[in-house]
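Colleague: Supplied in structure tokens, the structure appears directly below.
What follows draws every value from the coordinates through simple rules; no lab data is involved. Small disclaimer: the values here were computed from a predicted structure and weren't measured. No Cβ is skipped: glycine too gets one built from the backbone with ideal geometry, and neighbour counts run over all protein chains shown.
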């Protein structure tokens with residue numbers, strides 16, 4: 001084709017600015033004599049520019065919260081980070097959770113429970129497309145299914161009078177078995193999650209306790225067979241108001 | 001530690017740009033970024049300090065993307081046959097690229113070619129870097145790049161509107 005023997009790959013490298021200067025001059029001489037290739041090269045260069053024009057504005061967008069969140073967990077203190085990473089793993093359904101289990105004392109177990117509830121909240125509440133496995137439109141099925149899986153008769157509190165509608169729920173792996181998570185949302189899209197496990201309570205009651213993790217507030221308590229944790233990124237007093245309502249409804 | 005965190009965050013905008021271009025959908029792109037960051041967090045101990053963190057994160061994104069595409073046939077933007085009519089395209093005499101046309105046409109470039117085109121053209125990676133991210137030989141990068149560019153050119157030209165169009169396999 002030419003004494004210069006310019007190959008296709010060099011035309012691309014020319015377009016992408018990856019050709020050494022000396023060779024660039026030779027390619028330019030070649031292109032001056034080959035109109036068809038020159039046209040292709042011009043088109044490719046315009047593609048690069050047009051693609052950058054089209055997608056560069058994404059760089060300037062503010063980051064959605066769900067994209068920033070994994071980094072926040074990364075900033076945790078090492079022990080919390082370990083918990084978070086283990087939590088992500090477990091929540092992702094990765095096998096081998098037992099290897100990472102804490103082997104904590106019984107009293108610390110409820111603290112770990114609250115941590116896990118917060119992590120589950122952090123993971124799922126920002127979800128736009130799949131916040132829940134079963135939606136509120138199938139509430140009866142949702143309750144029956146989760147009750148069966150966690151081995152106890154669950155009830156879903158009605159929080160509509162407080163401004164929170166049920167979104168739905170999902171099943172999650174807990175420290176020692178399945179856990180249910182119900183999600184609620186107010187008119188502004190603010191989400192609360194109620195994390196419920198069977199066991200850990202020894203039939204006793206435990207008063208409300210409060211924990212905070214990465215901006216997520218958690219009220220947790222034990223009531224009979226079930227342990228509950230209510231998580232949200234709202235202020236403590238508002239969360240307590242909802243937690244009381246949940247407790248009262250589940251203990252008529 | 002703080003430095004690494006800053007580096008981590010620093011690459012998110014570019015991951016988002018790449019994901020947006022790759023998927024053509026804002027929600028799906030951010031899903032991909034979120035999944036990538038979760039994976040990166042879990043695997044962070046495998047990253048070699050001093051090596052290219054950006055390339056490492058793009059590699060993770062590529063793997064997540066490929067898995068998602070495999071896992072979800074519904075989410076795949078199936079590349080159409082060469083002779084599929086493109087009603088939204090219009091042939092233009094000039095080579096100027098219209099934004100709408102470009103977005104539509106880009107999604108009609110097969111995924112594996114699109115990845116190369118974007119890593120090189122938008123992310124401005126070298127061919128070696130793109131080969132590393134995608135886990136393919138550099139020769140494959142070149143052939144995919146060549147096919148992607150000619151494919152895009154043909155799509156944007158409205159399909160063989162000009163006799164000068166050179167057909168490259």
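Colleague: Taking beta carbons within 10 Å but only from partner chains, what does the mean come to for residues A:60-67?
Modeller: Taking the mean over all residues of the peptide, I get 5.
Colleague: What does the highest-first list of B:101-111, B:29-39 look like by mean Cβ count within 10 Å?
Modeller: B:29-39, B:101-111
Colleague: Within a 10 angstrom radius of the beta carbon, how do B:11, B:45 rank from fewest other beta carbons to most?
Modeller: The most exposed by this proxy come first: B:45, B:11.
Colleague: Okay, moving on. For B:56, A:44, B:47, what ranking results if the residue with the fewest other Cβ atoms within 10 Å of its Cβ goes first?
Modeller: With the sparsest Cβ surroundings first, the list reads B:47, B:56, A:44.
Colleague: What average count of beta carbons from other chains do you get within 10 Å of the Cβ of residues in A:38-51?
Modeller: Mean shielding count: 6.
Colleague: Turning to a different aspect of this structure: Partner chain Cβ atoms within 10 Å, averaged over the residues of B:41-47 - can you pull that number for me?
Modeller: The shielding value for this peptide is 3.
Colleague: Arranged by the count of other C-beta atoms within 10 angstrom, fewest first, what order do A:225, A:116, A:170 take?
Modeller: With the fewest neighbours first, A:225, A:116, A:170 line up as A:225, A:170, A:116.
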